[in-house]
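The values are calculated or read from the model by the stated rules, or taken from the named source; none is laboratory data. Predicted, not measured: the structure shown is a model, and the values here were computed from it. Here Cβ is always computed from backbone atoms with ideal geometry, including for glycine, and neighbour counts include all displayed protein chains. Side chains included, ligands, DNA and RNA excluded: accessible areas come from the protein's heavy atoms. Shrake-Rupley method; radii C 1.70, N 1.55, O 1.52, S 1.80 Å.
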Amino acid sequence: QAVTLYGSSMYKGAVPSGQPLEISGASKPGLVTSNGLVLFGNDGNMLLVRNLQFEDGKMIPASKYFSSGETVTVELTEEEKKVSEDIKAIWKSILSNVEAIEDTTDFFKSGAASMDVVRLVEEIKQKCNGLQLQNEDVYMATKFEDFIQMIVRKLRGEDKEEELEVDYVLMDVNDMTVKMPHQCFIDGRFTNAEEGKTYNTINPTNGSVICEVSYSSVADVDRAVAAAKDAFENGQWGKMNARDRGRLLYQLADLMEEHQEELATIEAIDSGAVYTLALKTHVGMSIQTFRYFAGWCDKIQGSTIPINQARPNRNLTYTKKEPLGVCAIIIPWNYPLMMLAWKSAACLAAGNTLVLKPAQVTPLTALKFAELAARAGIPKGVINILPGSGGLVGQRLSEHPDVRKLGFTGSTPIGKQIMKSCAVSNLKKVSLELGGKSPLIIFNDCDLDKAVRMGMGAVYFNKGENCIAAGRLFVEESVHDKFVQRVVEEIKKMKIGDPLDRSTDHGPQNHKAHLEKLLEYCEIGVKEGATLVYGGKSVLQPGFFMEPTVFTDVEDDMFIAKEESFGPVMVISKFRDGDVDGVLHRANDTEFGLASGVFTQDIGKAMYVSDGLDAGTVFINTYNKTDVAAPFGGFKQSGFGKDLGEEALHEYLRTKAVTVEY
C-alpha cells in the first residue's frame, strides 16, 4: 500500500545499524533504526524518515515499523471507560458534523484541522488531570479507538521513555544522602568504560576513597564523539527551535538549583572546596551561567550587509551564525562544576553537542550534572562525560577528526600541546584559558582595611586554587610593613579544617601531589632568599591541608616571583613611593596576562594603571568579581578566547555569508 513519509531529513555519518526493509524500486533495502527509517538514494546519500502514514490514515514512528502491529489492546477499567466517554464528548464537540463518534471515526478524515489538534490537546489536559499530549500524538492515533488506547497507556505510565538507569554510589554526609553516578555517560546512558577499568577518586579532607570511577579509553572517546555527531546531524537537537533549546537549558538550571545542596556537598568532598563557597560560587554561579546562556538561545542572529550592485541585477548579502558541530571540553580540578558550566552553557546555547572530560581527580559533579541534564530532557548524545586520564582521553579528543572545536582550561604547557594536536589533526577551532601570575598593585593612598581584606581574598580564595589568584602583590613602600602585619594578624584568625563545617575558612588542597608541589615551591622561595613570614608547611592532621603562607622581600628574578603556585601563597614585593611607571613595568614583566588588580583612591591613577596593565581582566579596588555577563579570558601565554558574556557564544559559532542576486 502507499505510505506517506513525514519528518524527513538528510542523514549524515556512517550507515547505522538496523533491520533491513525491502522497498520496491529502491537501489538497496532501507534500514529500520532506533531513530527512524533510513532510505538510500541512487546517489549514495541517505534520508532519515521519522514518521510513516498508511492509506488508512494511521501514523506510526518509522522506528516502530516492524512492531507497529504487535501492540496488545488494553482492557479498560470502569474508571477508564468514564474517561473514554468524556473524551468522546470532546471529539463530538470538535467534529460537530459527525452524527456519532465510533471506534473507527478518524479525526482528520472527519474534517479536523491543525487548530482542532491544539484544542483537543488542551481539552484533554483539562479533563485528564493535566495529561500533557504533544500535537504529534494526535497524528499518531487518528482513529478514536487508537486514540483512547494511547490516552489510557499514557495515564497508566506505560508509554514513558526508557527510564534513566543510574548505578549510584550512596553516601550519608552533610546531613543528607548524596547519590553519585560514577560511570561514563555516553549517548544518554551511564555505562562502564569499554575496557572495564576504574580508578579511585579521593576525599582530600582525610585521604579516604570516595568511590571507584570508570576510567575511559580511546574506544570510549570514539563512541562518545560518534554519539555527539549523530545527535547534532540527525537528532532532534540539531533541528530544534532555538527557543525550545533555551527552554531545556532553563529546565536544566532549575534542576541544578533543586539539587544545589547535593551538588555543593559532592564538590566539597571531591575537590576540598569549603561547602559555603561551593554553594555560593561553585554551584551558584554554575546555575546563573546556564540561565544566562539559556536566554541567549533565540537571540543568536546575523546581519544584512549592503554591497555593490551588479547592475541591472540587485544583490542581497546576509550572514548567518551557525553551530560548529561536536565540541570537546576539557576542564580543570579547581572549580569542577563551574568550569563545566562556563564552557558547556555557551556551547549548548549555540546549538552544538559536546564531549566533556572532567579532571581525573574531580569527576563526580560532572557525572551528577550528566544525570540532571538527562532528567531535564536534553536529548541523548548531546552531552557526553568521560572521566579518566588527560593524556589518554584529552589527547584523543584533540586529535579526533570529527571534533570541530576544543575548549580547554589548564596549564600553559598542556595548552600548547593541545593546540598543536588540534592543528595537526583537522585544524579544529581552539580556545585556551591557561596559567597566570596575576599582579595586584597596592598604593599607599588605598583604603588599607579593604586592601587587606580583598588582597587576602585575591590570594587565599578557594585555598589559592584559583586561576586569577593574585600571584604577586606589589605594595608601596610606605604601607608595606603595615600591610604585611595586618595580613598575618588576619591569617591567624582563619579556621583551617573540614570543608563541610560551616565555620571553616580554609579547606584542604585538592590532591596530595598538588600539596607536595606547593611545599616544594615554598622551599625554593626560602632557598632563593625570600623571607618566609608565615606558613610554608602542611598542617599536622589527616588530609591535604596547607597553612596560608606569606613571603616578603621577593626579588623580580626569583622563581616564586615568576612561577604560579596555584595555592595559598602570598608573594609580596615592595616598590618605591610614587614610582607608578616602575611598578607597572614590573607587573607586566611576565609571560602571563590573565588578570590583575589595583588598589588606590586616586581614580586618575587607577585608570592610568588599568590602561597600562597587560591582562584580560583588571580589578580596581576589588578582586575576584567575575560575572556571567562579563567576558573572561587572558592575554599572552594565559591563552586566548573568552568564557562568559556574549563573546563566549562566538567561540562556539561560525559565520556564513550568503549573497543572493535577484
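Values for this structure:
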item: Region 7-26, residues that are part of a strand (DSSP E or B) and either open to solvent by less than 60 Å² (accessible area, probe 1.4 Å) or in the same structural domain as Gln236 (by the TED database) (or both); result: Ser9, Tyr11, Leu21
item: Criterion (open to solvent by 10 Å² or more (accessible area, probe 1.4 Å), more than 34 Å from the chain's Cα centre (by Cα) and basic (Lys, Arg)) met by exactly one of Lys428, Lys492, Lys420, Lys416; result: Lys492
item: Counted residues, region 512-542 - those being within 30 Å of the chain's Cα centre (by Cα) and open to solvent by less than 40 Å² (accessible area, probe 1.4 Å); result: 3
item: Total residues in region 391-413, condition in a helix (DSSP H, G or I) and within 17 Å of Pro336 (Cβ to Cβ); result: 2
item: Test set (1) in contact with a Pro (Cβ under 7 Å, 6 or more places away or on another chain); (2) part of a loop (DSSP other than H, G, I, E, B); (3) of a type outside the set (Ser, Thr, Tyr) - Leu31 fails condition number; result: (2)
item: Subset tally (residues that are modelled with pLDDT under 85 and open to solvent by 100 Å² or more (accessible area, probe 1.4 Å)) for region 62-115; result: 4
item: Residues of region 627-662 classified as open to solvent by 50 Å² or more (accessible area, probe 1.4 Å) and either of a type in the set (Phe, Trp, Tyr) or assigned to a strand (DSSP E or B) (or both), total; result: 11
item: Matching residues, region 216-255, being open to solvent by 60 Å² or more (accessible area, probe 1.4 Å) and in contact with a strand residue (DSSP E or B) (Cβ under 8 Å, 6 or more places away or on another chain); result: Arg223, Lys239
item: Residues of region 27-43 that turn out to be at pLDDT below 85 and either open to solvent by less than 60 Å² (accessible area, probe 1.4 Å) or under 23 Å from Ala141 (Cα atoms) (or both), as a count; result: 2
item: Cβ-Cβ under 6 Å pairs, at least 6 apart or on other chains, region 478-504 side in the same structural domain as Pro548 (by the TED database) and among the aliphatic types (A, V, I, L, M), far side assigned to a loop (DSSP other than H, G, I, E, B) and open to solvent by less than 60 Å² (accessible area, probe 1.4 Å); result: Ile491/Pro548; Ile496/Val539; Ile496/Phe545; Leu500/Asn174
item: Selection status of Ala268, open to solvent by less than 10 Å² (accessible area, probe 1.4 Å), in contact (Cβ under 8 Å) with a residue 60 or more places away in the chain and assigned to a loop (DSSP other than H, G, I, E, B); result: no
item: Residue match in region 294-309 (condition: open to solvent by less than 10 Å² (accessible area, probe 1.4 Å) and of a type outside the set (Gly, Ala, Ser)); result: yes
item: Residue among Ala370, Ala341, Ala366 that is out of contact with any Phe, Trp or Tyr (no Cβ under 7 Å at 6 or more places or on another chain), open to solvent by less than 20 Å² (accessible area, probe 1.4 Å) and either in a loop (DSSP other than H, G, I, E, B) or in contact (Cβ under 8 Å) with a residue 24 or more places away in the chain (or both); result: Ala366
item: Residues (assigned to a strand (DSSP E or B), closer than 12 Å to Glu651 by Cα and of a type in the set (A, V, I, L, M, F, W, C)) located in region 311-328; result: Cys327
item: Subset of region 44-61 that is assigned to a strand (DSSP E or B) and open to solvent by less than 30 Å² (accessible area, probe 1.4 Å) - its residue that is modelled with the lowest pLDDT; result: Met59
item: Cβ-Cβ under 7 Å pairs, at least 6 apart or on other chains, region 377-405 side in contact (Cβ under 8 Å) with a residue 24 or more places away in the chain and open to solvent by 10 Å² or more (accessible area, probe 1.4 Å), far side among the charged types (D, E, K, R) and assigned to a helix (DSSP H, G or I); result: Asp402/Lys229
item: Extreme residue, nearest to Asn352 (Cα to Cα), among residues of region 295-330 that are modelled with pLDDT under 95 and basic (Lys, Arg); result: Arg314
item: Of all residues making up region 436-466, the number that are part of a loop (DSSP other than H, G, I, E, B) and under 23 Å from Lys495 (Cα atoms); result: 2
item: Filter pass, Ile572 being part of a strand (DSSP E or B), surrounded by 21 or more Cβ atoms within 10 Å (Cβ to Cβ) and β-branched (Val, Ile, Thr); result: yes
item: Cβ-Cβ under 6 Å pairs, at least 6 apart or on other chains, region 346-361 side closer than 14 Å to Arg247 by Cα, far side open to solvent by 10 Å² or more (accessible area, probe 1.4 Å) and part of a loop (DSSP other than H, G, I, E, B); result: Ala349/Trp296
item: Total residues in region 552-563, condition open to solvent by less than 40 Å² (accessible area, probe 1.4 Å) and farther than 10 Å from Arg472 by Cα; result: 2
item: Region 608-626, subset touching a residue at least 40 places away in the same chain (Cβ under 8 Å) and more than 20 Å from Met285 (Cα to Cα), residue surrounded by the most Cβ atoms within 10 Å (Cβ to Cβ); result: Ala615
item: The lone exception for Thr73 - which of (1) out of contact with any Gly (no Cβ under 6 Å at 6 or more places or on another chain); (2) in a loop (DSSP other than H, G, I, E, B); (3) more than 30 Å from Lys127 (Cβ to Cβ) it fails; result: (3)
item: Unmet requirement for Lys605, which otherwise passes all of (1) closer than 28 Å to Gly641 by Cα; (2) open to solvent by less than 50 Å² (accessible area, probe 1.4 Å); (3) not small (Gly, Ala, Ser); result: (1)
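Each row is one residue, and each column tells you yes or no for (1) over 36 Å from the mean Cα position of the chain (by Cα); (2) within 21 Å of Ala278 (Cβ to Cβ).
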residue: Asn444; (1), (2): yes, no
residue: Val459; (1), (2): no, yes
residue: Gly471; (1), (2): no, no
residue: Glu477; (1), (2): yes, no
residue: Gln485; (1), (2): yes, no
residue: Val488; (1), (2): yes, no
residue: Ile496; (1), (2): no, yes
